[in-house]
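The values are calculated or read from the model by the stated rules, or taken from the named source; none is laboratory data. Owing to the predicted nature of the structure, the values given are computational and were not obtained by experimental measurement. We place every Cβ from the backbone using ideal geometry, glycine too, and count neighbours over all the protein chains shown. Remember, those area values only see protein heavy atoms, side chains included, never the ligands or the DNA or RNA. Shrake-Rupley method; radii C 1.70, N 1.55, O 1.52, S 1.80 Å.
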Amino acid sequence: MGGIADLSAEDLRALRDRVRGEYDLFRGRGLQIDMTRGKPSPEQLDLASGMLALPGNGDHFTEAGEDARNYGGLQGLPEVRALFAPMMGAPAERIVVGDNSSLALMHDCLAWSLFKGVSSEMDPWSQQSGTPAFICAVPGYDRHFAICEEYGIRMLPVPLTGHGPDMDMVEELAADPDVKGMWCVPKYSNPSGEVYSTEVIERLAAMRTGAPDFRLFWDNAYAVHHLTPQRHEIANILELCEQAGNPDRAFVFASTSKVTLAGAGLALFASSAANVKWYLARAGKRTIGPDKLNQIRHVRFLRNIEGLHQHMEAHRALIEPKFDAVIGALEKRLSGTGVARWTKPEGGYFICVDGMDGTAKQIVDLARQAGVVLTPAGATSPYGRDPHDRTLRLAPTYPSLREVEQASEGIALCILLAALEKHIDAPLAHNA
Ligand code: PLP
């Protein structure tokens with residue numbers, strides 16, 4: 001099919017009527033498919049079912065001979081920190097292992113910075129003169145934005161470029177002393193799938209910030225979640241910050257939520273020695289120690305970093321066909337129409353689709369009426385407001401492959417129908 005902007009008014013209406021007919025048939029199928037959240041499927045969770053029998057009766061001693069059933073061990077077991085050191089890009093002594101949610105660690109770091117300050121030399125963000133603000137790469141992760149909203153932190157959107165945020169904009173905004181931090185998902189970003197380039201990471205590490213207590217919230221949630229044989233690597237933010245004379249700038253986060261079990265994984269934090277000390281001093285007020293049996297369970301199951309990569313290959317075998325199904329359906333129905341563009345991620349959990357401006361809400365609504373639930377339009381922008389009303393986040397991992405195939409066919413149809421209706425109402429310039 002050619003671009004819809006080239007069609008005569010008559011052809012456009014005929015096409016809209018045909019597509020509407022197809023949509024009505026699709027709606028009549030009575031599907032019920034949820035494509036909203038990036039959750040592992042039951043089959044992915046089954047890959048880790050061997051963990052449920054671990055560490056096993058009597059196997060509760062750490063490598064140092066300590067009893068993991070008891071209190072203590074705030075920083076996490078050394079053997080677990082060593083296992084994840086290559087993934088975190090930090091030596092074991094600069095890693096902390098928490099309980100099951102890295103989002104909780106991000107929340108804590110932000111709340112502590114706000115109420116306690118990032119170090120004993122700095123006032124808490126909340127007690128400084130201006131209103132603290134965060135730079136938010138967009139499209140981004142809605143739960144990051146929700147934490148900022150929860151605590152009244154202003155959000156400053158910066159567009160992603162395909163290899164990281166627009167750094168000219170970031171550098172300009174970061175010069176403001178009220179700008180205290182930035183959310184980054186540097187690898188297989190949620191939802192654009194992009195991988196930050198070395199140049200972007202170097203600039204983030206070295207840029208001048210107006211606030212001496214500025215922190216990068218470096219959420220490497222998809223560090224080992226590859227969708228192709230290429231295991232993309234990114235530059236080491238902690239090393240680059242140190243080399244640039246900003247050793248305490250980055251808080252690095254990751255977890256095994258999408259490696260082992262989403263509700264019972266391990267959350268990880270890595271940073272400078274000073275920041276780890278700061279973190280542990282705060283964390284020690286909140287807990288006497290993490291679940292170390294789960295830590296032992298993870299070491300027994302994954303064994304080492306190669307074991308972890310092998311396990312991720314098994315995930316890939318399950319989810320790659322689902323990503324292919326979405327992209328195949330979009331290509332089949334929408335290539336050349338000029339109504340949408342979409343990402344082809346090489347890792348992570350999402351596909352990001354930009355429909356025609358002003359159609360995202362309608363697409364989500366059309367899909368909902370046909371039984372396919374999509375993430376609300378706007379969710380990938382701060383305050384839930386997509387100024388272009390065009391970005392959709394598709395999460396293909398949880399439904400079955402058959403469901404993903406059916407849903408994708410319908411989503412492509414909804415994107416086309418919404419664009420045709422919009423175009424008939426308000427014709428766009430050629431190739432808009
Ligand atoms: N960070 C990003 C970018 C995510 O996409 C997700 C989950 O979708 C999380 C964090 C949640 O991590 P956790 O399960 O470790 O709390």
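Numbers for the structure displayed
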read-out	value
Selection status of His60, within 13 Å of the ligand (Cβ to nearest atom) and either over 22 Å from Lys292 (Cα atoms) or surrounded by fewer than 19 Cβ atoms within 10 Å (Cβ to Cβ) (or both)	no
Selected residue (criterion: farthest from Tyr71 (Cα to Cα)) from residues of the range 252-307 that are within 15 Å of the ligand (Cβ to nearest atom) and open to solvent by 20 Å² or more (accessible area, probe 1.4 Å)	Lys258
Within the range 138-154, tally of residues that are touching a Cys at 6+ places or on another chain (Cβ under 7 Å) and open to solvent by 10 Å² or more (accessible area, probe 1.4 Å)	1
Residues of the range 7-29 classified as of a type in the set (A, V, I, L, M, F, W, C) and surrounded by 15 or more Cβ atoms within 10 Å (Cβ to Cβ), total	5
Any hit, the range 71-81, residues being in a helix (DSSP H, G or I), closer than 16 Å to Leu266 by Cα, without any contact (Cβ under 8 Å) to a residue 24 or more places away in the chain and within 23 Å of the chain's Cα centre (by Cα)	yes
Filtered residues of the range 30-44 (kept if open to solvent by 10 Å² or more (accessible area, probe 1.4 Å) and either in a helix (DSSP H, G or I) or more than 16 Å from the ligand (Cβ to nearest atom) (or both))	Gly30, Leu31, Gln32, Pro42, Glu43
Single condition Gly73 does not satisfy, out of (1) out of contact with any Ser or Thr (no Cβ under 9 Å at 6 or more places or on another chain); (2) at positive phi	(1)
Failed criterion for Thr198 (all others in (1) farther than 28 Å from Leu114 by Cβ; (2) buried (at least 21 other Cβ atoms within 10 Å of the Cβ) hold)	(2)
Residue list for the range 80-136, filter: open to solvent by 20 Å² or more (accessible area, probe 1.4 Å), within 16 Å of the ligand (Cβ to nearest atom) and among the charged types (D, E, K, R)	Asp99
Answer residue from the range 216-233, given it is of a type in the set (D, E, K, R) and more than 16 Å from the ligand (Cβ to nearest atom) and is farthest from Leu173 (Cα to Cα) among those	Arg231
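Residue-wise test of (1) at pLDDT 95 or above; (2) open to solvent by 60 Å² or more (accessible area, probe 1.4 Å); (3) within 24 Å of the chain's Cα centre (by Cα).
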position	(1), (2), (3)
Leu334	yes, no, no
Lys361	yes, yes, yes
Val364	yes, no, yes
Arg368	yes, yes, yes
Pro399	yes, no, yes
Glu405	yes, yes, yes
Ala412	yes, no, yes
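For every residue, the table says whether it meets (1) without any contact (Cβ under 8 Å) to a residue 24 or more places away in the chain; (2) surrounded by fewer than 24 Cβ atoms within 10 Å (Cβ to Cβ); (3) not aromatic (Phe, Trp, Tyr).
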| site | (1), (2), (3) |
| --- | --- |
| Ala377 | yes, yes, yes |
| Pro382 | no, yes, yes |
| Arg393 | no, no, yes |
| Pro396 | no, no, yes |
| Glu409 | no, yes, yes |
